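This report concerns only the one structure given below.
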Amino acid sequence: MHVQSCRGVVINAPEFFADPAFQHWLEDAPAKFTWHRDGAMDEWSDVVVLVDPSLNGEGSDSDMPSHIWDRIVDACGDYLRADCCAANHYMVRLTNLVT
């Protein structure tokens, strides 16, 4: 077994889950790292995306609507430092909790 640490953030953004373009992306193929099941978005619709640690805009889910992806990358820049030499992507958990 090989274990590596990783860095990440949690972004609570109900407005993402209310966006029809984001909903379409989340429910469309290919598979996502999510707890969401078909149907209405709810508090169990969390999704995890991976952002390249260089914060250059690349990542496993950069195919999502660009207006949302750009906000995710910007938030990573506010809380994590760009690291062009890091081996692991930043993990970003998006939550849908109305507070």
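All of the numbers you see were taken from the coordinates with simple rules; none came from a lab. Predicted model, so just to flag it, every value in this text is computed and none were measured.
For volume of the Cα convex hull per residue in Å³, several values are listed as [x] 149; [y] 115; [z] 105; flag the one computed from this structure. The value computed from this structure is option [y]. Counted over the chain, the DSSP beta bridges are approximately 60% antiparallel. Centre-to-centre separation between the Cα atoms of the range 30-54 and those of the range 1-26: 5 Å. In plain terms, the chain from A31 to C85 could stretch by 16.7 nm, reckoned as 0.36 nm per residue minus the Cα-Cα distance. Computed from Cα atoms, the angle from the helix 66-79 axis to the main principal axis of the chain rounds to 50 degrees.
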